[in-house]
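Read the figures in this text as sums done on the coordinates, not as results from a lab. Just so you know, these numbers come straight off a predicted model, no measurement behind them. Every residue, glycine as well, gets a Cβ built from its backbone with ideal geometry; the counts of neighbours run over all protein chains shown.
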Amino acid sequence: MRNIFCTKQIVPAVSFDAITRRLCDNFGLTPREIQVANALLRGGSDKRIADDLHISMPTLRSHVQHLFDKLGVNSRTELCSKVFLAS
């Protein structure tokens with residue numbers, strides 16, 4: 001089983017389908033916010049995520065801020081902790 005690197009900690013690999021369902025059910029994220037969350041959780045840089053999703057950097061930052069607001073976090077580290085520790 002492959003590990004996921006999340007803010008310098010190694011987190012056991014989990015099903016991203018399960019994470020996606022939990023994010024959707026618990027926090028009311030939009031499909032695009034879920035895509036952004038999954039990319040952030042996989043450790044993608046802003047530029048890489050924006051390129052992969054074919055969106056501009058300001059649009060990505062807007063999605064990230066909405067994610068942080070909906071999940072009640074202030075950083076990628078907190079996002080990782082909230083999602084993976086709740087698994």
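Numbers for the structure displayed
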| quantity | calculated |
| --- | --- |
| Contour minus Cα-Cα distance for Met57 and Val73 (0.36 nm per residue) | 3.7 nm |
| Cut-off 19 Å, label 7 Å out along Cα→Cβ of Arg21, residues of the range 61-87 by amide N | 83-87 |
